[in-house]
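Right, one structure below, let's go through it.
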Amino acid sequence: MTATFTIRNTGRRTGAEVAQVYVGELPTDVATPRRQLAGFAKVELEPGESRRVTVKIPRQALSFWDTGRDAWVTPRGRTKIFVGTSSADSSLVGSVRIR
């Protein structure tokens with residue numbers, strides 16, 4: 001899976017940002033993190049420049065370790081996806097259906 005979004009430099013100087021993609025709690029009865037880092041991309045932009053960014057989200061980021069099965073399990077259902085500069089600053093929020 002991938003997360004695709006546009007990032008824009010609104011400043012007057014060249015800048016760099018590390019856009020981070022987080023997966024929310026997984027749709028399971030097993031406790032999973034509220035947000036866990038799934039991927040990131042460092043982007044350097046000139047003043048006023050915009051760029052479309054795609055971050056690959058590995059299947060394991062949508063899975064949890066099942067101690068009973070001794071294996072990674074990917075639950076089915078919806079979970080939130082957050083994009084921002086940190087786990088506390090997510091300016092974009094969406095969701096994905098895990099199949």
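Quick note on the chain: its Rg to Rh ratio, both from C-alpha atoms and Rh being the Kirkwood radius, is 1.07. When the GluC sites (Glu not before Pro) in region 1-56 are filtered for DSSP coil states and for at most 14 other beta-carbon atoms within 10 Å of their beta-carbon, the remaining sites are GLU25, GLU49.
Using unit Cβ charges (K, R positive; D, E negative) and no other charged atoms, how large, in debye to the nearest 20, is the dipole of the chain about its Cα centre?
Numbers: 16 positive and 9 negative charges, 62 e Å.
So the magnitude is around 300 debye.
3J(HN,Hα) along region 80-92, derived from phi through the Karplus expression 6.51 cos²θ - 1.76 cosθ + 1.60 where θ = phi - 60°, amounts to 7, 10, 10, 10, x, 8, 6, 5, 8, 10, 10, 7, 10 Hz, with x in place of Gly and Pro. Of the peptides 70-80, 55-65, the order by per-residue mean of other Cβ atoms within 10 Å, starting with the highest, comes out as 55-65, 70-80.
Its Cα gyration tensor gives region 40-84 an equivalent ellipsoid, and the semi-axes of that ellipsoid, as √(5λ) in whole Å with the largest first, are 34, 11, 7.
Laboratory data are not the source of any read-out in this text; all were calculated from the coordinates shown. Not measured: the values here are computed from a predicted model. Note that each Cβ is placed from the backbone with ideal geometry, even for glycine, and that neighbours are counted across all protein chains shown.
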